[in-house]
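Contents: one structure, followed by commentary.
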Amino acid sequence: MKKSTVKTTKRDDMIDITTEVQKYILETGIQEGIALVYCPHTTAGITINENADPDVKKDILRRLDELFPWNHTLDMHMEGNTAAHLKSSTVGSSQQILIHKGSLVLGRWQGVYFCEFDGPRDRQYFIKLIADKD
Amino acid sequence: MKKSTVKTTKRDDMIDITTEVQKYILETGIQEGIALVYCPHTTAGITINENADPDVKKDILRRLDELFPWNHTLDMHMEGNTAAHLKSSTVGSSQQILIHKGSLVLGRWQGVYFCEFDGPRDRQYFIKLIADKD
Amino acid sequence: MKKSTVKTTKRDDMIDITTEVQKYILETGIQEGIALVYCPHTTAGITINENADPDVKKDILRRLDELFPWNHTLDMHMEGNTAAHLKSSTVGSSQQILIHKGSLVLGRWQGVYFCEFDGPRDRQYFIKLIADKD
């Protein structure tokens with residue numbers, strides 16, 4: 001497994017980590033299998049979405065914020081970041097991607113994103129590769 | 001891995017692909033392991049939900065549409081399908097299911113669904129099986 | 001694979017099952033790999049979120065309920081639990097966690113939760129471990 005770090009610069013952010021995952025696959029030499037990308041934070045997550053028009057990221061983060069507004073009079077959690085916990089469980093803590101012929105099998109417009117929902121912070125994520133048995 | 005195709009007929013649709021996944025398990029002869037079902041599109045996804053009453057699918061798609069209305073004055077993405085991208089990240093790009101004794105281990109009411117959020121289109125999905133090591 | 005049971009006591013509930021997953025890893029002796037925690041019910045799910053302040057769970061369940069109110073005049077599903085089906089597809093039917101040196105690799109504040117959305121009931125979940133090939 002590999003630990004990677006990412007520095008987020010806004011409260012809500014999506015950072016494309018596709019290249020990092022692909023690089024690790026090349027380092028290990030794995031040809032066929034699955035990559036698991038995992039976020040160890042409860043106010044962040046991993047998602048797969050469009051890598052072409054940057055406005056998609058902006059729309060996704062803004063609409064998630066409308067769904068889970070930061071301030072909510074009924075929230076009890078003292079830290080005040082309940083909305084970030086909900087966004088985390090909505091997009092999910094991890095994603096899996098197929099590996100074929102030593103490469104990630106992504107759709108033409110797909111990228112793997114680290115999602116920050118309570119930044120800016122120094123964050124971590126883990127990449128784990130499961131190779132097919134021979 | 002196996003590439004499968006699916007033809008969707010509406011903008012929002014849930015197509016039961018459970019039989020396709022089970023068929024591939026039988027073809028490979030894998031007895032114990034995990035099946036990964038992966039969607040390579042950013043305006044579609046994979047989910048697991050009820051396979052009995054078809055009204056559940058209708059309710060799910062209608063309520064997701066209420067949550068993420070197609071038209072939104074603040075959306076910036078020129079293609080106009082921001083809502084579909086949000087639904088994709090909400091249900092997720094993939095699902096994993098256990099394989100035991102050569103069969104998918106699903107709950108009594110569970111089916112595996114390809115979720116179309118920007119159809120109708122010709123779509124693809126991938127099935128990857130990871131066998132236990134002996 | 002291991003089948004575990006959980007008794008839920010409320011309509012909406014999050015039950016920390018981290019210890020059960022860790023216990024099973026110890027029983028099998030697996031040192032490196034992945035744990036898949038799977039929910040076979042269509043009105044429940046699995047998520048990973050904060051294990052420290054119990055108010056986070058209360059806020060998550062209450063906000064999900066605001067998003068997917070139990071009663072909705074347009075719902076067609078006769079059982080009347082459409083909201084639970086939507087919550088299930090939102091948090092997801094399963095989660096994956098890395099195993100390293102015989103232990104779950106969770107973030108400092110992360111726990112694995114069985115999410116009940118239509119309780120109280122007697123529920124099941126499955127744990128499946130995939131060991132690295134040697």
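In plain terms, if you count all Cα to Cα distances in the range B:37-99 and split them into 5 Å steps from zero, the share in each step is 4, 16, 22, 22, 20, 9, 5, 2, 1, 0 percent. Taking max minus min of the alpha-carbon positions on each principal axis, chain C gives extents of 56, 30, 22 Å, largest first. Relative to the other identical copies, A:PRO69 shows label-point distances of 1.6, 1.6 nm, where the label point lies 7 Å from Cα along the Cβ direction and values run shortest first.
In whole percent, and with a 1.4 Å probe on the protein chains, what portion of the accessible area of the protein assembly as shown is carbon and sulfur? Mind showing how you got there, number by number?
Numbers: 8230 of 15860 Å².
The C+S portion of the solvent-accessible surface of the protein assembly as shown is 52 percent.
Counting heavy atoms of the protein chains alone, B:LEU74 has an accessible area of about 100 Å² for a 1.4 Å probe. What total accessible surface area, summed over both chains, is buried at the interface between chains A and B, computed with a 1.4 Å probe and given in Å² to the nearest 100? Approximately 2800 Å² gets buried when A meets B. Rounded to whole numbers, the Karplus 3J(HN,Hα) couplings from phi for the range B:38-48 are 10, 9, x, 10, 8, 10, 8, x, 10, 9, 10 Hz, using 6.51 cos²θ - 1.76 cosθ + 1.60 with θ = phi - 60°, and x at Gly and Pro. By the Cα gyration tensor, the range A:1-77 has an equivalent ellipsoid whose semi-axes, rounded to whole angstrom, run 30, 16, 11 from largest to smallest. Taking the simple approach of a point 7 Å from Cα along Cα-to-Cβ for both B:ALA131 and A:SER4, what is their distance in nm? Going from the B:ALA131 label point to the A:SER4 one covers 3.1 nm. Here is how far apart the B:THR28 label points are across copies: 1.7, 1.7 nm, shortest first, using a point 7 Å from Cα toward Cβ. Between C:LYS23 and A:SER103, the modelled label-to-label distance comes to 4.7 nm, taking each label 7 Å out from Cα in the direction of the beta carbon. Relative to the other identical copies, A:LYS2 shows label-point distances of 3.1, 3.1 nm, where the label point lies 7 Å from Cα along the Cβ direction and values run shortest first. The trypsin sites (Lys or Arg not before Pro) of the range B:44-131 that DSSP puts in a loop, and whose beta carbon has at most 11 other beta carbons within 10 Å, are B:LYS101, B:ARG108.
Residue of chain B with the smallest Cβ distance to the axis mapping B onto C, distance rounded to whole Å: B:LYS133, 3.
Heavy-atom accessible surface of the protein assembly as shown, averaged per residue, reaches 39 Å², computed with a 1.4 Å probe.
In the structure shown, the pairs B:LYS2/C:LYS23; B:LYS3/C:LYS133; A:LYS87/C:LYS7; C:LYS58/C:LYS133; A:LYS58/C:LYS57; A:LYS23/C:LYS58 are assessed against 30 Å; a Cα-Cα span above that value is assigned to B:LYS2/C:LYS23; C:LYS58/C:LYS133; A:LYS23/C:LYS58.
The values are calculated or read from the model by the stated rules, or taken from the named source; none is laboratory data. Since we're looking at a predicted model, the values are computed, not measured. Using ideal geometry, Cβ is built from the backbone for each residue, glycine included, and neighbour counts are taken over all protein chains shown. Note: areas computed on protein heavy atoms with side chains; ligands, DNA, RNA excluded. Shrake-Rupley method; radii C 1.70, N 1.55, O 1.52, S 1.80 Å.
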